[in-house]
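Accompanying notes for the structure given below.
The values are calculated or read from the model by the stated rules, or taken from the named source; none is laboratory data. As the structure is a computational prediction, the values presented were derived from the model and not from experiment. Neighbour counts are summed over all protein chains in view; Cβ atoms, including those assigned to glycine, are modelled from backbone coordinates with ideal geometry.
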Amino acid sequence: MFMASGRSLQIDAQFPEALLGLFEPRRYKVAYGGRGSAKSWSFARALLLKGLERPLRVLCAREVMRTIADSVHLLLSDQIEHLGLKSFFQVQETHISGTNGSEFLFAGLRQQDAGKIKSFEGVDIAWVEEAQALSERSLDILIPTVRKGASELWFSFNPELDTDPVYRRLVVAPPPDAWVKKVTWRDNPWFPSVLEQERLLLLERDPDAYRHVWEGEPRSVVEGAIYAHEVIRMIEERRVRPVPFDPQLPVHTVWDLGWNDQTSIILLQRLHSEVRVIEYLEASHRTLAEWAGELQQRRYLWGTDWLPHDGAHRDLRTGKSAQELLSAMNREVRIVPKLTVEEGIRAARMMFPRLYVDETKAARLLECLKRYRRNVPEATGEPVKPVHDEYSHGADAFRGLAVIVDQITNRAHAPQKLNPHRRLNWRVA
């Protein structure tokens, strides 16, 4: 029995027992797991029932929402019809409103800037569907913005990687006042027979994929990752671990240059055949002088800075190349030979067995390697060239490292010093 606008309504609203925690007052409500667990429609149904009881402002968000078709608008509309609430909720093209003042708004978080996000300050509940795609930036924007008294943050998702921000922050180390529930097909009392056939088929054909798709276990690398086997083996062999800096060995850097895109810098040491990645840096809109200054603050014994082939190209504005500019800052600079992308990938695969990566200071590089994948056109279904995205810059620097790894020596770069006996010409007025 629910009260809506002073009227008592008798509604047949069945609900999975595993998800009844959605009706408890908590700051964070998190449901994650596998396919067929009824997470999405349960979230939609719970929000509609809550909006029926009292006026609520609900933000329905995703990481990316290009059009309203990318949102849960249709899912909410279907639940409104199923529950017989069409006389209470008015479904419009871009939002849904209730006769008691409840409203449902829809937004993609990646498109929001500091000005737009302020419109969400009065939200009572924010629901993020497919939350596995959320970036750190989006979480950092959303969580402090939804700050109305007794406001709640709801997250529903099927895990992708064990390093996804939402999985690490809300499942591995959940915050206080959080209800976190893993649900699978077993928790869905209305699990359909057609899905049961699909479930059993995948269990027989690909048990590893089954654990991810139906049991909600996160992967170590994305599906179709170029370096999937190499990264998984490196993790299994515990070569992703704390990698201490050896003060007796020089530190070399391998760069992928960018401005609007990311500049990526791998910091490494080499001992015999071992390649030790001790740190990884990445940022956009930073000058070479700023990067050189940041490196010098580390006070390492420096080796060589390896730049990609375009590091030798002169900039039309300055008339100088990145190689010339860094050399003028008293750094030893060389250029990585230009190879095709596929040649670089083959070299990277050959280097992996020698590789150790610091699990904390180079975590972002590892994430790039886990997510580096190929485009797969729908027309052919065949993988082609690698995707150019936020993860490809680290992967590009990694390919550069693989190309020159056997040219790295442990000869440190000796900075030039001023000769105290050098003759200087002075003019005295």
How many residues are β-branched (Val, Ile, Thr) and surrounded by 18 or more Cβ atoms within 10 Å (Cβ to Cβ) if we restrict to region 389-412? 3
Can you tell me which residue among 91, 64 is among the aliphatic types (A, V, I, L, M) and touching a Lys or Arg at 6+ places or on another chain (Cβ under 8 Å)? 64
Would you kindly identify the strands (runs of 3 or more DSSP E) lying entirely within region 1-82 that contain at least 1 residues that are modelled with pLDDT under 90? 2-4, 7-9
Give the number of residues within region 282-324 that are part of a helix (DSSP H, G or I), free of Cβ contacts under 8 Å to residues at least 40 places away in the same chain and of a type in the set (A, V, I, L, M, F, W, C). 3
Would you confirm whether or not region 338-359 contains a residue that is of a type in the set (A, V, I, L, M, F, W, C), at pLDDT below 95 and over 19 Å from residue 282 (Cβ atoms)? yes
Only one of 395, 414 is modelled with pLDDT under 95 and under 22 Å from residue 268 (Cα atoms). Can you tell me which? 414
Applying the selection to region 328-346, what residues are part of a loop (DSSP other than H, G, I, E, B), of a type in the set (D, E, K, R) and free of Cβ contacts under 8 Å to residues at least 60 places away in the same chain? 338
Members of region 99-136 found to be part of a helix (DSSP H, G or I) and either at pLDDT 95 or above or surrounded by 15 or more Cβ atoms within 10 Å (Cβ to Cβ) (or both), listed by number: 109, 110, 117, 120, 131, 132, 133
Would you mind telling me which numbered condition in (1) crowded, with 16+ Cβ neighbours inside 10 Å; (2) part of a loop (DSSP other than H, G, I, E, B) residue 244 fails? (1)
Sole miss for residue 325 among (1) surrounded by 18 or more Cβ atoms within 10 Å (Cβ to Cβ); (2) in contact with a Lys or Arg (Cβ under 7 Å, 6 or more places away or on another chain) is condition (2)
Among the residues of region 205-241, what is the count of those that are more than 23 Å from residue 36 (Cα to Cα) and in a strand (DSSP E or B)? 3
